[in-house]
Every structure is written in C-alpha cells, then in structure tokens.
Amino acid sequence: MRLTPGPAQDIDLDSVDLFDLDLYTAGDPHTVWDVMRAKAPLHHQVLPDGREFWSVTRYEDVCRVLGDHREFTSERGTVPTHLGTDDAAAGKLLTSTDPPRHTQVRRAIGAKLTARAVAPWEDRIRRTVVRFLEPAFDGGVFDLAERALLLPAMVTGPLLGIPERDWEELVQLTAMVTAPSDPHFKQGGEAATLAIAHHELITYVNEWVTRRRASGGDDDSLLDHLMTLRAGDAPLTDEEIALDGYSILLGANVTTPHTVSGTIQALIERPGQFAAAQADPALIPNLVEEGLRWTSAACNFMRYAVGDTEIGGGTIPARAAVVAWIGSANRDELQFPDPHTFDITRGGAKRHVAFGFGPHFCIGGPLARMTLRIFFEEVLQRFSAVELAGEPEHLRSYFIAGMTHLPVVARTRRTS
Ligand code: HEM
C-alpha cells in the first residue's frame with residue numbers, strides 16, 4: 001500500500017470501495033481516509049454481493065471499537081476477509097473471544113511474551129537478524145520485502161519450537177490467509193485459498209502437538225507452553241491449542257515483515273532521517289514507533305456491534321459489522337500533527353494503534369518491538385545507505401498493508 005500519499009483529491013464517498021484491492025496495489029488509500037475522517041467518520045458500504053459493513057477512521061472511534069467488547073464483540077470474527085461468515089472458532093480462539101474467558105487465556109499465554117520474558121532472547125534474535133541481512137553484504141540487489149517474509153519465522157520459529165525446514169511452508173500458508181487474492185499466494189479463488197491455508201495451518205499445529213505428546217518431549221517453547229498452561233484452573237483443550245498456535249503463527253508472520261520493508265522504504269525516501277538515526281542510535285526506539293505508526297501493517301480489524309450504537313456522528317445498527325481502520329487512525333491529524341510526515345523525532349509516536357487497543361492489544365508487541373529495534377540497530381551500524389534498486393510492488397490486500405517486492409542495494413559502511 002502506498003504509504004506517502006499523493007496530493008489531496010476530491011473523493012466521492014458514496015462511490016468509495018474500501019474492499020477494492022486495486023486501491024491497495026495501485027491507488028492511494030490515505031487520500032481516501034483523509035476525506036473520510038473529515039467528512040464521513042462513520043461510513044457505510046454495501047458490497048456487490050450484498051454484504052455490508054460500517055467503517056470508522058478517526059483515532060478516538062477506532063480505539064473505542066477495538067477497546068470496548070461490551071459494545072463491539074470479537075466473538076463473530078475480527079478479520080475483514082471473513083466478513084459475513086460468523087467465526088466458527090468464537091470463544092475458543094483468543095482473538096475471537098471476549099472477556100472474561102479472553103482475559104483468562106490471554107493472561108496465561110501472555111506470561112511468555114512480556115517484555116521481561118522476551119528480553120533473554122535478545123542475543124539469539126540479533127544473530128538471526130545478522131544472518132537475515134547476510135545476502136545484502138555483497139552490495140548486490142536484495143529484495144528486502146521478499147526476504148522479510150522469512151524474518152519472523154527465523155525469529156519466532158525457534159521460540160515457538162518449529163524446525164527450520166518448515167519455515168518456508170508456514171510463511172506461504174500464513175500469507176495465504178492474510179492476502180488470499182495476491183497472485184504470489186493465491187491458490188484458485190479467494191475462498192479456496194483461505195480454506196486451504198486455514199486447514200493446513202491447524203493441521204500443522206495439531207500434528208506438532210501429537211508428535212510432542214508421543215515423544216514425551218517438553219522444552220521451553222511457546223507451543224509447549226500452550227500445551228501445559230492453565231487458564232481458569234483448566235488446561236486448554238486440544239482445539240484451543242491448535243487455534244491459538246495458529247493465531248500466534250499468523251500474528252507473528254504477517255505483520256513484522258511489512259513494518260520492516262515499509263520503514264526502510266520511508267528511510268530510503270528520506271536519507272536525512274537515515275543519517276539522523278545513524279548519528280544518534282538513541283533515536284532507534286522512536287524510529288521503531290514511527291515505523292509502526294507509518295506502516296500500520298495490520299491495516300484494520302473488525303468487530304460486530306452488540307446493540308444499536310452511536311459513534312462518529314451516526315448509528316451502527318445492532319449486529320452490523322464495523323471495520324476499525326488502524327491505518328487511518330494512525331494518520332489522524334488530531335493525534336499526530338502533520339501526520340503524513342515520517343519523523344523519527346516525533347513526540348508521542350508511541351500513541352499509535354498499530355498494535356491495536358484494549359483487551360486484544362497485540363500480545364506479540366514486546367517481541368515485535370525488540371525484533372524491529374535490533375533490525376534497525378544492525379542495519380544502521382552495518383550500512384552507510386540503502387538505495388532503491390527497482391519498483392516496489394504492493395501486497396494485494398485490504399487487511400495487511402505491505403509489499404511483496406522492494407529491491408534495494410545496501411552500501412556497506414566503511415570502518416577506519
Ligand atoms: C509489527 C508487528 C505486529 C503488528 C503490527 C501486530 C498487530 C496486531 C494488532 C493490531 C492486534 C489486535 C487485533 C484485534 O484488536 O483484534 C494484534 C493482536 C495479536 N497479535 Fe500482533 N502484531 C504484530 C506482531 C505480532 C507477533 C510477533 C505476534 C506473536 C508472537 C503476534 C501475535 C498476536 C496475537 C496472538 C494477537 C491476538 C491477541 C488477543 O486477541 O488478545 N503479533 N496484533
């Protein structure tokens with residue numbers, strides 16, 4: 001998705017199609033969302049097949065929709081690619097469960113993913129990041145977006161307990177779930193791609209658990225943790241283990257790569273910001289936050305209104321779907337002055353909602369933040385510049401904002 005918007009446009013909001021995939025590959029969604037925030041902060045759309053959804057685009061409204069499960073439930077599904085089909089995993093999959101059950105399971109899983117719990121993984125992640133960057137060391141053309149798809153698997157694979165030989169397949173399957181219409185990932189139609197990927201991923205986790213039980217093995221991995229944790233005084237059911245393992249795999253694989261490539265693209269376009277971060281590495285944590293805000297890789301999440309609900313100057317009818325546009329909230333001028341300027345010294349960048357808001361706030365946030373910090377520390381330390389070496393190609397998805405190709409050349413830093 002284009003992250004630096006072009007000039008403002010006069011947009012007819014009645015004919016805007018927020019599920020038009022071309023908008024995210026060749027269009028300019030930020031110019032559309034700018035007009036929506038200003039003129040129609042609550043927007044209604046009916047798709048040609050009759051499915052309908054409401055959209056909120058302002059920061060305050062996005063926080064309310066994501067944050068208040070009494071008004072907006074997660075239990076009928078949260079991913080817009082599933083709009084119109086109630087989630088069969090409601091109440092069992094962490095992301096599709098409301099409190100109080102959500103709180104019990106989340107607390108138990110989250111214990112392994114707090115900033116303190118992931119801190120000991122720093123050295124291992126740094127070694128992984130250096131290995132990830134190795135193909136760029138010779139100064140040749142390096143497709144960062146393509147290779148970045150492997151980064152979370154390289155980082156989270158060992159933490160989850162997944163062997164290296166399975167990474168590529170799992171990366172492909174998780175990309176199929178989130179961008180089922182992208183030509184790089186689709187297998188037949190969109191529905192078929194989603195069904196195949198979902199089935200294969202659940203089967204993968206189930207088989208992993210069966211093998212682990214048969215071998216009697218146990219280590220400190222996240223999947224082992226899912227098998228042994230107790231939530232509300234009982235272990236997770238096998239179905240919950242499979243679904244939550246799937247959800248962690250998905251959450252990890254499909255977002256961090258696009259934050260990496262979108263932030264590097266922003267730095268390529270603004271060499272002054274690259275130089276500033278290099279001159280003062282203390283800016284790197286803020287660079288990470290600004291990169292998260294700027295890229296908003298999880299472009300939206302969905303909820304369903306529980307009752308008739310007033311928001312954004314209108315009323316969402318009971319049981320209707322509402323999409324909270326995170327990408328727009330993170331460019332809301334009331335929260336982020338001059339929002340379309342990428343500024344690694346921005347104050348308050350951390351208020352972004354790239355990790356969501358409220359009870360479902362990204363459970364992998366500390367791990368993602370640490371991975372991104374290490375990534376930029378290594379890039380800035382090893383390379384004097386990164387340059388564009390070809391045309392970027394955008395992911396064909398209205399759910400995940402990202403790129404499939406970003407050819408770059410990295411200039412190795414000379415040390416005297
Ligand atoms: C830059 C990287 C990431 C971004 C932008 C991101 C974004 C998000 C967002 C917006 C949500 C909220 C969903 C909602 O409100 O329904 C979320 C939840 C979640 N994320 Fe992430 N995520 C990232 C990295 C990760 C990683 C590394 C993991 C796994 C280790 C992960 C696992 C999850 C899970 C399991 C949830 C569901 C939490 C719940 O329902 O309580 N994410 N993520």
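Counting only other residues whose beta carbon sits under 13 Å from that of Arg101, what net charge do I get with K and R as +1, D and E as -1?
-2
Classify segment 335-399 from the C-alpha gyration tensor, please: rounded if a/c falls under 1.5, else prolate or oblate depending on whether a/b exceeds b/c.
Rounded, because the longest to shortest axis ratio a/c is under 1.5.
Measuring r between the beta carbons of Val46 and Ala192 and using R0 = 35 Å, the FRET efficiency lands at 0.90. Its relative contact order, with pairs defined as Cα atoms under 8 Å and 6+ residues apart, puts the chain at 27 percent.
Solvent exposure of the chain, expressed per residue, is 41 Å² of accessible area, with all protein chains present and a 1.4 angstrom probe.
Rank these by accessible area, largest first, 1.4 Å probe: Tyr59, Tyr24.
I get Tyr59, Tyr24, largest accessible area first.
Put the Cα centre of segment 354-416 next to the Cα centre of segment 281-353 and the gap is 19 Å. Under a model in which nothing but the beta-carbon of Lys, Arg (+1) and Asp, Glu (-1) is charged, segment 22-134 shows a dipole of about 720 debye around its Cα centre. Positive contributions from Lys and Arg (+1) and negative ones from Asp and Glu (-1), summed over other residues with Cβ under 14 Å from the Cβ of Phe137, come out at +3. Charge dipole (Cα centre; +1 on Lys/Arg Cβ, -1 on Asp/Glu Cβ; no other charges) of segment 289-398 amounts to roughly 380 debye.
With the whole protein complex present, Thr259 retains an accessible surface near 10 Å², based on a 1.4 Å probe.
Between Thr25, Thr228, Thr128, the GNM of the chain built on Cα springs shorter than 10 angstrom shows Thr228 fluctuating the most. Based on the alpha-carbon gyration tensor of segment 161-262 and its eigenvalue square roots a ≥ b ≥ c, which shape applies: rounded if a/c is under 1.5, prolate if not and a/b is larger than b/c, or oblate? Prolate, because a/c is 1.5 or more and a/b exceeds b/c.
Of the residues Ala252, Pro180, Met403, the one whose Cα sits farthest toward the positive end of the charge dipole of the chain, with +1 on the Cβ of Lys and Arg and -1 on the Cβ of Asp and Glu, is Ala252. In a simple Cβ point-charge model (Lys, Arg +1; Asp, Glu -1; nothing else charged), the chain has a dipole of about 1240 debye relative to its Cα centre. Note on Thr85 and Glu60: with the Förster distance fixed at 35 Å, the Cβ-Cβ geometry gives a FRET efficiency of about 0.75. Between segment 91-121 and segment 1-25, the alpha-carbon centres lie 35 Å apart. The accessible surface of segment 13-390, taken with every protein chain in place and a 1.4 Å probe, is 53 percent carbon and sulfur. Among the trypsin sites (Lys or Arg not before Pro) in segment 322-416, those placed in a DSSP loop whose Cβ has at most 10 other Cβ atoms within 10 Å are Arg414.
Dividing the summed -39500 (n - 2.57) terms of all DSSP H runs of n ≥ 4 by the residue count of the chain sets its mean residue ellipticity at 222 nm at -13500 deg cm²/dmol.
Compared with the direct C-alpha span, the chain from Ser384 to Leu13 gains 129.1 nm at full extension, assuming 0.36 nm per residue. Taking Arg127, Arg293 and ordering them by how much accessible surface each has at a 1.4 Å probe, largest first, produces Arg127, Arg293.
What shape does segment 135-215 have by the C-alpha gyration tensor, where a ≥ b ≥ c are the square roots of the eigenvalues, rounded means a/c under 1.5, and otherwise prolate means a/b greater than b/c and oblate the rest? Note, shape of segment 135-215 comes out oblate.
In segment 13-390, a dipole from Cβ-located charges (positive for Lys and Arg, negative for Asp and Glu) runs towards its positive end, and of Val306, Ala282, His352 it is Ala282 whose Cα lies farthest in that direction.
Count Lys and Arg as plus one, Asp and Glu as minus one, and take only other residues whose Cβ is under 12 Å from that of Ile125; the net charge is then +2. Ranking of Phe301, Phe19 by solvent-accessible surface, largest first: Phe301, Phe19 (1.4 Å probe, protein heavy atoms only, all chains present).
Since only Ala389, His225, Val16 are under comparison, the one whose Cα sits farthest along the positive direction of the charge dipole of segment 13-390, derived from C-beta charges on Lys, Arg, Asp and Glu, is His225. Of the whole protein surface, Asp14 contributes about 150 Å² of accessible area at a 1.4 Å probe radius.
The values are calculated or read from the model by the stated rules, or taken from the named source; none is laboratory data. From a predicted model like this one, the values you see are computed outputs, not experimental measurements. Because the Cβ atoms are built from the backbone with ideal geometry, glycine has one as well, and the counts that use them run over all protein chains shown. The area values use the complete protein model at the heavy-atom level, side chains included, leaving out ligands, DNA and RNA. Shrake-Rupley method; radii C 1.70, N 1.55, O 1.52, S 1.80 Å.
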